[in-house]
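The values are calculated or read from the model by the stated rules, or taken from the named source; none is laboratory data. These figures come from a predicted structure and were not determined experimentally. Cβ coordinates were reconstructed from backbone atoms using ideal geometry, including for glycine residues, and neighbour counts include every protein chain displayed. Please note that ligands, DNA and RNA were not included when accessible areas were found on the heavy atoms of the full protein model with its side chains. Shrake-Rupley method; radii C 1.70, N 1.55, O 1.52, S 1.80 Å.
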Amino acid sequence: MVGTPVLFIAIPLMAAFLIPLLGMIWKELVRIVPGLVLTYLLILAINLLNHVLVHGPIVEVIAGWVPPIGINLVFNAFSGFLVTLMIFLGLLVWVYSYRFKRNVDYEPALKYFLMLMMLITGSVGIVLTGDIFNMFVFIEITSISAYGLTAFYKGRNSAEASFKYVMMGSIASTFLLLAIMIIYAQLGTLNMADIASKIHLMDPKLKIVSYIFFVVALGIEAEIFPLNGWAPDAYAEAPGPVGAAFAGIVVKAAVYAIIRYTYTIFDLSGSFSFLILIGMITLIIAETAAIRQEKLKRMLAYSSIGQMGLVLVAFGFGTKEGVFAALFLMLNHAIIKSLLFFSGSYLTYNSTEKKISEVNGMSKYLPITSLLFALGAFAIVGLPPFAGFWSKLAVLTAAADSNMILIMVLVLMVSVVELVYYLRVVNRVYFFKKEAAVKPQKPTFNGLIVMLVLGAIILLIGFYPDAVTGMLHKATNSLMDKGQYIQNVLSLK
Amino acid sequence: MKKVLVILLLATMGYYIAGSYFDIGFGQPHFVQGVKPVKDIYLAKTVKPLTVSNAVTSIVVNFRGFDTLGEVTVLFLAVTVLGSLLYKKRHAVGERSVLFSASSIVTSGSKLLFPAIILLGAYVFIHGHLSPGGGFQGGVIIASGFLLMLLAYENYSVSHTALSVVESLAGITFAGVGLLGFMHGGTFLQNFLPVGVLNNLFSGGVIPIIYIAVGFKVGAELTGVIYTVLHEKGQSNG
């Protein structure tokens, strides 16, 4: 073993406190250090994931107190897979935005990189922790960095978007605390595994109230339908790479939390159908809203919300196939949506309105970026032979296995809607005449590298899905085996 | 009509939610029969092996020290975000958004009070493991001392660099003590110093060190917040 899970939190926090000091020595360090930290964490994550896939989960105790007394971190196949994915994306976001704000003042750059690193750390913490109050703390870290990043471009619109996000986020925190309070007042413990083993003792009425509070609170972060009013604005107003970080990292962490509560902690019988219901509503509303958007980033944001709805539907099947499909979808969505955000922000780089009509004819000026955007669009819609095809196929087979034909039909119908609005943009990029007013912006070298890497991964998964399915199956098994999780954590002495 | 419906819906929901909270019965033994709440373990272990007289401190800094590290980071981030939001609007050093002159009673009085406030703040966080209070409370008291000085003197200024150095060093101390515990004891934030005798100033192992670091950090951060907000350029004169 090369390290332990606590380093995923301790090292970035240490670096965050150090960066202001390092910046006084040499200003470039502010940009370099987060990258070094993320690179180290990626190596650590891959090593630990390999270890875990062979030897079983690692449960790390903090401050020397075994669960349920102290806080613990759990690195198993499921959380390890998500952590690796998040840190990988975080590193790509860092590479993409390395030269970001290069020519402006030093202080905004310092704050940007600090907030970005904390956004990633908070999300990783949400996934790793085995304690419900600790998860609350990490959700706070994530959301406060997210508010700051949303309002990074100081203007009327971004301030409004950030304010909306702050209001919803604060309500989410309140609900989360209320839910935690009910659980503690009943069971006298905050440890997830301990709660899971005692949840049957709880008063059913209080159990339902606390589950609903958890879902409401996490649903705000996970962009579930009635709670996602902040999302399109935040995506549209935040800097381009931050949109990718939101879609790829923050939302994934929130979905993880909902799944952890539904699958492991609570034992409510109707919760799976509830997930299908809210997922389906989110999917349909978001995709139909996406088709009416005029701004590119808002369209991508609604598409991202819709995909999260589909992930929840797949988790709601409650079967192994369903969980596998959901995980595959999460992986694909993280990679493809990041590519779309990265390339999309270059397609509309110099326009003030960021309208879809302004991407007309960009393929002549930005051939590689346009090609990659088209690749992302085809992949996310689910056209073979790209990555998205396999995950959509997995969702449909899982639905068929659970005899949910209506869900299958609805998902296919929504996919057609998705196809329409993505192909509309691709059509504009390739076959329309460029508007004279819009000046194309060549991507930076870093940006190009990141987009090419993501494109290559999409093709790799598309042509050779077995590269990831083995790991996804192991992650699925580790999520489904609730008894094993409880035993791993509580057997520590 | 729509508003009435919304209010009715909220009232119904509020009634049932409040009802479920009343059912818990705070203040009485409210835990489900047969569970062993962690609070009893915390209380028992605070005296031995931790050797700390203040149970709140032992929970905040040791049993749930990881949460506290997170909360300290939340504060640090909040200050960072505030600085980033108000960055463009900041004045040159020395200028204020609120300009008024304090009377001589306030100026001379605050000169007298300032050292006492700082001393009280330091006392509160140094004795965090012995008496009520701790790093967060002590830090807030110190920041209130700086607020008094900033209000009393128009040209009183705090070095931004110094604040950020103190903040960073305190944060590094917290995370560094955690990592040292990791190296010596095998788990993050574990105590690796001798625990001493109960009720002595030097007792509780790493707990006082962490709380002193938290005190410095909170003090520096809140002073920074006050300073940033005081020097925000208003809409009217900007």
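Structure summary
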| quantity | calculated |
| --- | --- |
| R0 of 22 Å, Cβ-Cβ distance B:Q33-A:K482: FRET efficiency to nearest 0.05 | 0.40 |
| Cut-off 12 Å between beta-carbons: net charge of the residues surrounding A:N360, Lys and Arg +1, Asp and Glu -1 | +4 |
| Span-rule helices in chain B, defined as complete DSSP H runs reaching 27 Å or more along the axis (Cα) with Kyte mean at least 0.0 | B:2-24, B:65-85, B:104-126, B:160-185, B:207-230 |
| Lys/Arg +1, Asp/Glu -1 at C-beta; the range B:55-196 dipole; positive extreme among B:S84, B:S168, B:Q137 | B:S84 |
| Partner aspartates and glutamates for B:K111 [C-alpha distance under 19 Å; skip if fewer than 8 residues away on the same chain] | B:E154 |
| Positive minus negative residues near A:N228 (Lys, Arg vs Asp, Glu; Cβ under 14 Å) | -2 |
| Dipole axis of chain B (+1 Lys, Arg; -1 Asp, Glu on Cβ), positive-most option in B:L201, B:G65, B:L120 | B:G65 |
| Cross-link table A:K297/A:K337; A:K295/A:K337; A:K295/B:K2; B:K39/B:K217, entries beyond 21 Å C-alpha to C-alpha | A:K295/B:K2; B:K39/B:K217 |
| Accessible surface ranking that places the most exposed of A:W230, A:W26 first, with a 1.4 angstrom probe | A:W26, A:W230 |
| Amide hydrogen neighbours beyond the local backbone of A:K295, cut-off 5 Å, H modeled | A:I356 |
| Under 18 Å from the Cα of A:K493 - lysines, other chains or at least 8 residues apart | B:K36, B:K45 |
| Förster-model FRET efficiency, 51 Å R0, B:L10 and A:S357, C-beta, rounded to 0.05 | 0.75 |
| Average beta carbon contacts from partner chains per residue of A:9-19, 10 Å cutoff | 6 |
| The range A:183-255 - Rg and Dmax from Cα coordinates, angstrom | 16.3, 48 |
| Shielding of A:137-147 by partner chains, average beta-carbon count, 10 Å | 4 |
| Inter-label distance, nm, simple model (7 Å from Cα along the C-beta direction), B:V229/B:A116 | 2.6 |
| For residues of A:55-63, the mean tally of beta carbons on other chains within 10 Å | 4 |
| log10 of Debye I(q)/I(0), alpha-carbon scatterers only, for chain A at 0.07, 0.10, 0.11 Å⁻¹ | -0.34, -0.71, -0.87 |
| Low-density loop cleavage sites - trypsin sites (Lys or Arg not before Pro) in the range A:262-365, where at most 14 other Cβ are within 10 Å (DSSP) | A:R292 |
| Percent of beta bridges antiparallel (DSSP, the protein assembly as shown, rounded to nearest 5) | 90 |
